[in-house]
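Here, each number is a calculation from the coordinates, and none is a lab measurement. From a predicted model like this one, the values you see are computed outputs, not experimental measurements. Positions of Cβ are generated from backbone atoms using ideal geometry, with glycine treated the same way; all protein chains shown enter the neighbour counts.
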Amino acid sequence: MTITMMPQGQTGGVMDDAARRADFTEYVRAREQSLARLAYLLTGDRDAAEDLLQNALAKCYRHWDRVRSVEQPDAYVRRIMVNERNSRWRSVLRRRESAGSHVLEILDPPAPAAAVDRAESLDLWRHVQTLPAQQRAVVVLRYYEDLTEAQTAEILGCSVGTVKSHTSRAIAAMRLKMSEAPA
């Protein structure tokens, strides 16, 4: 995935433009792999992930003076990514552009843990991709990004109870689909 380090035509605030650009570039280089992985997990598509990440980083850069001063800039960027993903999803629903049944191909699923069989990991990832957007976001943030319920709730802008509810529904749906799948 190729990431442009900073949007063109953006100018600074507190820092001079060159220092601001260098600071942002350093942050992106340090977090590029993790952010790209999250974008892919949220979208399930390499091209959509790249677009999502570019848009999120552009928004982040516009507010970089504020973002860099917060305790956890990654949480801010994650929130932008989730909000951007949700906005795109709503936009698609509003336009009602349905091109028939579209099956997502797994191009680069998350690497399985050492003790997990790769085939089982791919199977689980296929089921995660079928979840509704909010449930999928909760599963990705909780289990792939390893965030707490409180951190997930903060990023999604909802209560911890909502995170628990989405998690429970997602796990129940995946269990049902996996039990129905032929062995």
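Between Arg31 and Arg175, what FRET efficiency comes out of the Förster formula 1/(1 + (r/R0)^6) with R0 = 25 Å and r the beta carbon distance, rounded to 0.05?
Once rounded, the FRET efficiency stands at 0.15.
Applying a 10 Å radius around every beta-carbon, put 23-31, 67-75 in order of their mean neighbour count, most first. Provide the component values of the computation, followed by the final result.
Numbers: 23-31: 15.2, 67-75: 13.2.
Final packing ranking: 23-31, 67-75.
Counting Lys and Arg as +1 and Asp and Glu as -1, what is the net charge of the other residues whose Cβ lies under 10 Å from the Cβ of Tyr27?
-1
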